[in-house]
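All remarks here apply to the structure that follows.
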Amino acid sequence: MLVLPATVNETQNYMHALGGALEGIRNAAFGLSDEQARCTPCRSDLSVSGILKHSTWVMVDQMGERKAEPGSQEWATEFANSFVPNDEEDIQYLLQKFDETKGRFLQITGSMDPEERAMVGPFPRVDVFERVETSRRLFFSRALLEFSRHAGHADIIREQIDGATAMPLQFAVEGRPGNKYIQPWNPGDRRGNSAGE
């Protein structure tokens with residue numbers, strides 16, 4: 001839910017943005033069957049379920065809880081598999097894992113000082129093969145970039161499935177009554193329930 005505090009520090013600002021991106025990813029699954037969540041209606045191979053699984057994988061990776069060394073074959077295999085749920089990973093399972101991981105991720109992230117120095121990397125997918133020293137601020141910005149990108153992916157995929165768009169979905173998830181600009185999503189309106197659409 002949108003909250004506009006009078007003042008925030010830098011970490012709180014990052015956390016507000018990160019939390020919003022992660023909520024957007026989760027909201028894209030609202031009201032979908034497992035079959036719908038697995039479908040790939042766009043030209044890419046991405047699905048809402050796949051984005052949930054991958055985002056959970058990224059959070060675990062960024063918390064340093066993954067055993068595979070970045071850049072190793074094991075890590076590359078895990079990364080590739082993170083986009084495709086297996087037969088046992090239905091939408092309810094994926095949402096449960098996402099929520100559990102998100103809670104830990106935001107708790108750890110919220111305790112960080114952006115000025116703190118830390119070793120990060122390697123990031124072999126962008127040709128950074130060594131660990132480098134930087135501030136935690138880089139962690140925040142990379143996480144925000146990653147999850148905002150995937151929230152956008154999830155928005156587009158969900159709209160292709162049944163016309164639902166981000167803000168009406170958020171209103172529906174939060175149980176908000178709506179206003180003259182936005183009405184909560186319902187399955188009968190394929191336009192997304194936003195005034196003016």
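The values are calculated or read from the model by the stated rules, or taken from the named source; none is laboratory data. What you see is a predicted model, and the numbers here were worked out from it, not measured in a lab. Methodologically, a virtual Cβ is constructed for each residue, glycine included, from the backbone with ideal geometry; neighbour enumeration extends over all protein chains shown.
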**OP:** Go through (1) under 21 Å from residue 127 (Cα atoms); (2) surrounded by fewer than 18 Cβ atoms within 10 Å (Cβ to Cβ); (3) hydrophobic (A, V, I, L, M, F, W, C) one by one and return the number of the condition residue 57 breaks.
**Re:** (2)
**OP:** Scan the stretch 24-44 and give yes if some residue there is within 22 Å of residue 184 (Cα to Cα), among the hydroxyl-bearing types (Ser, Thr, Tyr) and either surrounded by fewer than 17 Cβ atoms within 10 Å (Cβ to Cβ) or at pLDDT 85 or above (or both), otherwise no.
**Re:** yes
Subject >> In the stretch 133-164, the residues that are more than 13 Å from residue 26 (Cα to Cα), part of a helix (DSSP H, G or I) and either touching a Cys at 6+ places or on another chain (Cβ under 9 Å) or among the β-branched types (Val, Ile, Thr) (or both) >> reply: 156, 160, 161
**OP:** Report, ordered by the first and then the second residue, all pairs with beta carbons closer than 6 Å, sequence separation of six or more or different chains, a first member in the stretch 151-163 that is under 21 Å from residue 183 (Cβ atoms) and touching a residue at least 12 places away in the same chain (Cβ under 8 Å), and a second member that is among the small types (Gly, Ala, Ser) and not in a helix (DSSP H, G or I).
**Re:** 154/28; 158/28; 158/164; 163/192
Subject >> Selection from the stretch 42-70 of residues that are within 15 Å of residue 150 (Cβ to Cβ) and part of a loop (DSSP other than H, G, I, E, B) >> reply: 42, 44, 45, 46, 47
Original post:
Do we find a residue being of a type in the set (Ser, Thr, Tyr) and either outside any loop (DSSP other than H, G, I, E, B) or under 22 Å from residue 11 (Cβ atoms) (or both) anywhere in the stretch 81-92?
Top reply: no
Subject >> the stretch 62-121: number of residues that are among the β-branched types (Val, Ile, Thr), surrounded by 13 or more Cβ atoms within 10 Å (Cβ to Cβ) and within 28 Å of residue 40 (Cα to Cα) >> reply: 3
**OP:** Restricting attention to the stretch 16-58, report how many residues are farther than 17 Å from residue 83 by Cβ and in contact with a Ser or Thr (Cβ under 6 Å, 6 or more places away or on another chain).
**Re:** 1
Subject >> Among (1) under 30 Å from residue 30 (Cβ atoms); (2) of a type outside the set (Gly, Ala, Ser); (3) surrounded by 13 or more Cβ atoms within 10 Å (Cβ to Cβ), the one test that residue 124 misses >> reply: (1)
Original post:
List, please: which pairs have Cβ atoms under 8 Å, are six or more places apart or on different chains, and start with a residue in the stretch 14-34 that is more than 22 Å from residue 139 (Cα to Cα) and end with one that is outside any helix (DSSP H, G or I) and of a type in the set (A, V, I, L, M)?
Top reply: 30/164; 31/164
Original post:
Just to be sure, is residue 72 farther than 19 Å from residue 141 by Cβ and free of Cβ contacts under 8 Å to residues at least 40 places away in the same chain?
Top reply: yes
